[in-house]
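Student: Take a look at this one; I'll ask things after.
The values are calculated or read from the model by the stated rules, or taken from the named source; none is laboratory data. Just so you know, these numbers come straight off a predicted model, no measurement behind them. Because the Cβ atoms are built from the backbone with ideal geometry, glycine has one as well, and the counts that use them run over all protein chains shown. For accessibility, only protein heavy atoms count, side chains too; no ligands or nucleic acids. Shrake-Rupley method; radii C 1.70, N 1.55, O 1.52, S 1.80 Å.
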Amino acid sequence: MKMPSLRDSLAYEGFPQATRRALEHVEASCSGGESVGGGGTNLGALVEEFVHFRPPDALPHHTGLNALQELQLLQILSDYFGAKTNVGVTRQVFMVLFATRGGADRLTDHKVKLLGKMVSMCIATQHEMVLDCTAYWILQEGAASPPVLTLLNSIIQDYCMLMPGTLDTLQKVDKTSPGFACQFATIVTGLYQLKPDAVSSSHPPPLLLEVIAEWVARNPRICLASLKDTKGAAPVTPIPGLCHWCIKSPLVRNAESTQEEAMTYSKLHLGVLQSLLAAQTVAPNAKLLPVSAVEEMVADLQALVQTSEGLGEAAQLAVERLAQVMQVAMATGSTQLNRKQVAGMYGQLPENRLLSLILSYGGEG
């Protein structure tokens, strides 16, 4: 059936049958080798009109489906992806439906909002395929892209702010979809950065910190789950961001910080070290700690130490954690830096016995 007659047929059938048939057509097109980016203008237009109900020629006030129909649409999409076993084709279909291609228009906003609702629902139902496809979508869109940040903020709002009683559901996600948990943790460390200046510093909500610490402590390899989809490219993992959190947390505690939170960071720190050790078998010599990340950590730590008078014990703990991270990273080949290069960065940090031992061991290697 040619596209014009297919479009007319779907328009006649209407929702929800038109959506089911449109999904079948998208899958057939992807199985036939069409591109992930949308399978051409006609395929993209078909998706806009019969999946998102935002046809290209719609008037600005066009509202699409009502609330009840949208819930039905979410169930149709969830059921559709739940029935699929071919990961490659399913990912292509997912990208045809939700790729934003860097757009910043009403359709992009609609896609991200719809995806946010579907992901929140699928976290609650532990829907593996949708969460795995979302992890792939995040990699394709870019962890720092506005659509991805909007999506993650929506999930955090749902599970950590509006419905904290459902936190145990979010805690199970690492078992259902390690890839999604890995991408989630990566983006969260970018959203909340323990910076030296109060203006740009932000602390992760305690409940969110607890979830991520539990994931990493329970399965340190969760931090490496994205590596299977980034072969040949720069690793995208939460390890640099988690190192920032653990190393700087003793010096950036705020009025709401508790002893329990400090223990959670200690638990997370141990998990990160175990992740770096696990990388030896999962991804030998993958540079999980880029030079730029180490330089930023050291610079932030130096600034924090200079403004933290009377926090000698906390400063020692922070420097010791940094030393432990670098010791394991150098031993496992997870960084390009050697001891001589690392030693050159530490000039203004307080003296620390462990750090001195690590930097002196084995000479200049």
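Student: Under 30 Å from H269 (Cα atoms), modelled with pLDDT under 90 and part of a loop (DSSP other than H, G, I, E, B): does that describe Q157? Reasoning before the result, please.
Tutor: Details: under 30 Å from H269 (Cα atoms): yes; modelled with pLDDT under 90: yes; part of a loop (DSSP other than H, G, I, E, B): no.
When the stated conditions are applied, Q157 does not pass them.
Student: Among the listed residues E49, E27, which satisfies the condition of being at pLDDT 90 or above, over 20 Å from V130 (Cα atoms) and assigned to a helix (DSSP H, G or I)?
Tutor: Within the list E49, E27, the selection yields E49.
Student: Now, a different point. All but one of (1) over 13 Å from C133 (Cβ atoms); (2) surrounded by fewer than 20 Cβ atoms within 10 Å (Cβ to Cβ); (3) at pLDDT below 95 hold for D79, so report the exception by its number.
Tutor: Only one criterion is unmet by D79, namely (3).
Student: Moving to a separate point now. Within the group V173, V119, V188, V148, which residue is in contact with a helix residue (DSSP H, G or I) (Cβ under 8 Å, 6 or more places away or on another chain), without any contact (Cβ under 8 Å) to a residue 40 or more places away in the chain, open to solvent by less than 10 Å² (accessible area, probe 1.4 Å) and more than 26 Å from Q69 (Cβ to Cβ)?
Tutor: V148 is the lone residue from the list that is in contact with a helix residue (DSSP H, G or I) (Cβ under 8 Å, 6 or more places away or on another chain), without any contact (Cβ under 8 Å) to a residue 40 or more places away in the chain, open to solvent by less than 10 Å² (accessible area, probe 1.4 Å) and more than 26 Å from Q69 (Cβ to Cβ).
Student: Another question, then. Which of the numbered conditions does T85 fail, given that it passes all the others? Conditions: (1) in contact with a Pro (Cβ under 6 Å, 6 or more places away or on another chain); (2) assigned to a loop (DSSP other than H, G, I, E, B); (3) of a type in the set (S, T, N, Q).
Tutor: Failed condition: (1).
Student: If I filter the range 226-244 for residues that are open to solvent by 20 Å² or more (accessible area, probe 1.4 Å), basic (K, R) and either more than 21 Å from M297 (Cβ to Cβ) or assigned to a helix (DSSP H, G or I) (or both), do I get at least one hit?
Tutor: For the range 226-244, residues open to solvent by 20 Å² or more (accessible area, probe 1.4 Å), basic (K, R) and either more than 21 Å from M297 (Cβ to Cβ) or assigned to a helix (DSSP H, G or I) (or both): present.
Student: Being under 25 Å from the mean Cα position of the chain (by Cα) and either among the small types (G, A, S) or not in a helix (DSSP H, G or I) (or both) is the filter here, so list the residues in the range 300-335 that pass it.
Tutor: A329, G333, S334, T335
Student: I'm trying to understand the selection: among the residues of the range 122-145, which are assigned to a helix (DSSP H, G or I), open to solvent by less than 30 Å² (accessible area, probe 1.4 Å) and either within 21 Å of L208 (Cα to Cα) or among the β-branched types (V, I, T) (or both)?
Tutor: C122, I123, V130, L131, T134, A135, I138
Student: Restricting attention to the range 263-285, does a residue exist that is outside any helix (DSSP H, G or I) and touching a residue at least 60 places away in the same chain (Cβ under 8 Å)?
Tutor: Scanning the range 263-285, I find no residue that is outside any helix (DSSP H, G or I) and touching a residue at least 60 places away in the same chain (Cβ under 8 Å), so the answer is no.
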